[in-house]
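Accompanying notes for the structure given below.
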Amino acid sequence: MDDLKMCPFCGCVDIELEKISELPNREELFMARCQKCDANSVIGTKEEVAKAWNRRVFFIEIPDSNPPPT
């Protein structure tokens with residue numbers, strides 16, 4: 001699973017899935033890490049980590065519909 005988007009913090013495209021745990025009879029656990037700024041993701045399966053890393057949240061400014069009285 002190497003379909004990881006660029007880092008949302010620095011724009012680097014060198015993102016690696018790092019295995020952080022390998023226990024007998026358990027799922028392997030991973031995290032995504034930016035190789036430039038060291039930003040990292042949640043811990044989980046490869047699929048969970050990729051989905052979380054690739055999710056982007058956009059913030060928009062909503063005008064105040066009830067401005068304070070002058």
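The values are calculated or read from the model by the stated rules, or taken from the named source; none is laboratory data. Please read all numbers here as calculations on a predicted model, not as lab measurements. Positions of Cβ are generated from backbone atoms using ideal geometry, with glycine treated the same way; all protein chains shown enter the neighbour counts. Side chains are part of the model used for accessible areas, which takes the heavy atoms of the whole protein and leaves out ligands, DNA and RNA. Shrake-Rupley method; radii C 1.70, N 1.55, O 1.52, S 1.80 Å.
Some notes on this structure:
- Residues in the stretch 3-15 carry Karplus couplings, in order, of 8, 9, 6, 4, 5, x, 9, 10, x, 5, 9, 8, 10 Hz; the curve used is 6.51 cos²θ - 1.76 cosθ + 1.60 with θ = phi - 60°, and Gly or Pro positions show x.
- The stretch 45-51 - phi-based ³J(HN,Hα) in whole Hz, Karplus 6.51/-1.76/1.60, Gly and Pro as x: 5, 4, 5, 5, 5, 4, 5
- Accessible surface of the stretch 1-40, 1.4 Å probe, proportion on carbon and sulfur as whole %: 45 percent
- Anisotropy class of the stretch 2-53 from Cα gyration tensor, a/c 1.5 cut: prolate
- Here the label points at Phe9 and Lys46, each 7 Å from Cα along the C-beta direction, are separated by 2.5 nm in the simple model.
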